[in-house]
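Presented below is the structure to which this report refers.
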Amino acid sequence: MAQLGRREFLATTGAVAATLLAPRSSAASDTRIEILSGESLGRIAPEIHGHFVEHLGGVVYDGVWVGEGSKIPNDGGIRLALIEHLKAIKAPVIRWPGGCFADSYDWRDGIGPRESRPTRTNFWIGVEGITGDPQKFEPNTFGSNEFMRLCRLTGAEPYFAANLRSLPAQEFANWVDYANAPAGSTTLAKRRGGDPFNVRYWGVGNESWGCGGNFTPEEYATEYRRFTAWAPSYRQNDLSFIAAGPGSGDIEWTRGFFETLVARSRGQLRSVWGWALHHYTWNVSQGKTSDWDAGKGDALKFTTEEWYELLREGDKMESLILQHWGVMAETDPTHQVKLAIDEWGAWHRPGSHVAPTHLFGQQSTLRDALLTGLTLDIFNRHPDKVAMANVAQVVNCLHSLFLADGDRFVLTPAYHVFAMHTDHQGADSLRTVIAAPRVSHTRNGQPATFWGLAGSASRKDNRIVLTLVNPALGEPRDAEIVVRGATVREAQWAHLTSTDMAAHNSFEQPRALEPTRGQARITGSTVVHQIPPASVVRIDLII
Ligand code: AHR
């Protein structure tokens, strides 16, 4: 690769001037990464690795719940393989029961003896392509207690999403009572049985600008104030409410909500813990259309243009965080409210699902792995802003970490990226400056460029974890990595990559794409490492 001048390099991750970067020491390297060990951006909330379970297609019935009498290994009806792997990646929080389903869900349907629970029409019945009975007609076999079992078995915190569109505020308060009242204290606590669930996170509606009620931001803020004016609290600060935020770039939703919320009093800000931004990455049309169906591409069969376009679209997450954060500051200048990005991921055209009942089920390739890596790196770079994020959805759905069908179960590339990132949880995010050549590609028939390498670094004790994404098909990056303010004694790498951009795991070939690992070379005070093309990379630096 030709030597590149400094202006052709991209400095990324944090507002640090590119002049910080010392000249590259070796003619063979084209990339320099500097980690500033003394510059913490804040603690990375473990909750940014959160998950999402909705009663939609094959997520609950098949994915999570197989039933106590099933021949599929389970713990109290919950798929064992799912429990074990969620534990392995330290799943911090799980959002349930939706999504759009949440605003049609009556929590009382999912409690008490299973055999006497009612069957209801599922929110998703009208969507083309849905087949199967639990998918169309919700049996309520999996309710609050079953969901809590999933949380307790995996170690995740529960995040209940309450119905604001079709239940009154009293039912919200009753659900909190059922979940959190001390054992034996109230009628609902007695119905629950056992110890309180201690549910801290409560969503107050979902996408209230759409399926959650078609509200204006002003109407929703008024409803929100009413719903949160009182809910039973059994300990100090035991409830954290998450308000239904915008879809992608809908700045007016954010502005309208916060202005109306504080119109009553500024103290109302204290009723919002998280502002739920949703952003799906779906449009690979390269600017040709913004039609929700026509803009999508296939999960498995895509062009190199669509490879870059998906990453470009996913990369918008960073500007969305900054834009909404800026608008929130207009009414909340001290940023009492943080972002909870409780739905994110790739949303491809239907067709690659592993079973006919899996509405929105899709395969996950190396391209989705890169999208996962670049998104988690963005969250890491904004620890002051992003307090939670929930990938949509954990199994058999959009950006899933697992695919399951009966007794078959496979880890997707997205799972492997979550595993590579797990040690960022709770670590100190470090300002990191990356200078790498931009990638040239074609967009809608025209020459275009995209950043050449991006990532994030964090520190816990004497270990720095650096995670990177190289989006370039066919171009490795020869990197020199230095830690300012510390000496690297040992370095290990893990790569997730393939020469096939559509590489993925299937029931037949479950280990087609998984990380490889090795020891990295240290020359003087510099780690010298080649970042493979089209890869997600983790480098552990022991200082
Ligand atoms: O994740 C699928 C759906 O996408 C959710 O139910 C909804 O909130 C979003 O539009």
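The values are calculated or read from the model by the stated rules, or taken from the named source; none is laboratory data. Fair warning: this is a prediction, and the values are worked out from it, not measured in the lab. All Cβ positions, glycine included, derive from the backbone under ideal geometry; neighbour counts span all protein chains shown. These accessible areas exclude ligands, DNA and RNA; they are computed on the full protein's heavy atoms, side chains included. Shrake-Rupley method; radii C 1.70, N 1.55, O 1.52, S 1.80 Å.
Here are the numbers:
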| quantity | calculated |
| --- | --- |
| Segment 170-220 - accessible surface per residue (Å², probe 1.4 Å) | 38 |
| Rg to Rh, two decimals, where segment 215-258 supplies the alpha carbon set and Rh follows Kirkwood | 1.07 |
| Equivalent-ellipsoid semi-axes of segment 350-401, from the Cα gyration tensor, Å, largest first | 26, 12, 6 |
| Percent of Cα pairs exceeding the 16 Å cut-off, where the set is segment 137-176 | 49 |
| Scattering curve values for segment 70-181, log₁₀ I(q)/I(0), Debye with Cα scatterers, q = 0.15, 0.19 Å⁻¹ | -0.75, -1.16 |
| Residues with amide H under 5 Å from that of residue 203, placed H, sequence gap 5 or more | 160, 161, 162, 242 |
| Segment 67-80 - phi-based ³J(HN,Hα) in whole Hz, Karplus 6.51/-1.76/1.60, Gly and Pro as x | x, 5, x, 6, 7, 6, x, 8, 10, x, x, 9, 3, 5 |
| Computed E for residue 301/residue 444 - FRET, C-beta separation, R0 25 angstrom, nearest 0.05 | 0.85 |
| Apportionment of accessible area to carbon and sulfur, segment 484-528, percent (1.4 Å) | 47 |
| Projected area, mean over directions - segment 363-439, Cα convex hull, nm² | 6.5 |
| Cα-based convex hull volume of segment 223-363 per residue, rounded to whole Å³ | 149 |
| Where N is the number of residues in segment 65-121, Cα Rg divided by 2.2 N^0.38 Å | 1.37 |
| Built amide H within the under 5 Å cut-off of residue 31, gap 5+ | 478, 480 |
| Segment 165-233: translational diffusion in µm²/s, Stokes-Einstein, Kirkwood Rh over Cα pairs, 37 °C, 0.692 mPa s | 251 |
| Carbon and sulfur %, accessible surface of segment 385-458 computed with the full protein complex present, 1.4 Å | 42 |
| Share of alpha-carbon pairs per 10 Å distance bin for segment 111-231, given as whole % | 12, 34, 38, 15, 1 |
| Sorted largest first, extent of segment 185-285 alpha carbons per principal axis (Å) | 54, 37, 21 |
| Loop chymotrypsin sites (Phe, Trp or Tyr not before Pro), segment 272-376, which have at most 12 other Cβ atoms in a 10 Å radius of their Cβ (DSSP) | 292 |
| Histogram of C-alpha separations across segment 245-311, 10 Å bin width, % | 17, 34, 21, 17, 10, 1 |
| Largest to smallest accessible area among 119, 289, 228 [probe 1.4 Å] | 119, 289, 228 |
| Reachable aspartates and glutamates from residue 296, criterion Cα separation under 12 angstrom, eight or more residues apart if same chain | 306, 309, 313 |
| Reciprocal mean inverse distance between Cα atoms of segment 431-543 - Kirkwood radius, Å | 15.3 |
| Residues of segment 46-148: accessible area per residue with a 1.4 Å probe, Å² | 34 |
| Relative frequency of Cα-Cα separations exceeding 23 Å in segment 340-471, percent | 43 |
| 20 °C / 1.002 mPa s Stokes-Einstein diffusion coefficient of segment 503-543, Kirkwood radius on C-alpha pairs, µm²/s | 168 |
| Calculated SAXS-style log₁₀ I(q)/I(0) at q = 0.13, 0.14 Å⁻¹ - segment 38-103, Debye, Cα scatterers | -0.47, -0.52 |
| Size descriptor, Kirkwood hydrodynamic radius, that averages inverse alpha-carbon separations across segment 455-506, Å | 13.7 |
| ³J(HN,Hα), Karplus 6.51/-1.76/1.60, whole Hz, each residue of segment 81-92, x for Gly, Pro | 4, 5, 4, 4, 6, 5, 5, 4, 9, 6, 3, x |
| Calculated FRET value between residue 183 and residue 507, using beta carbons and R₀ = 45 Å, to 0.05 | 0.55 |
| Kirkwood hydrodynamic radius of segment 96-153, Cα pairs, Å | 12.0 |
| The chain: radius of gyration over Cα atoms, expressed as a fraction of 2.2 N^0.38 Å | 0.97 |
| Accessible-area composition of segment 91-156, carbon plus sulfur, in percent [1.4 Å probe] | 50 |
| For segment 288-365, alpha-carbon Rg relative to the globular expectation (2.2 N^0.38 Å, N residues) | 1.44 |
| Candidate aspartates and glutamates for bridging to residue 385, where Cα separation is under 12 Å - those fewer than 8 sequence places away on the same chain excluded | 318 |
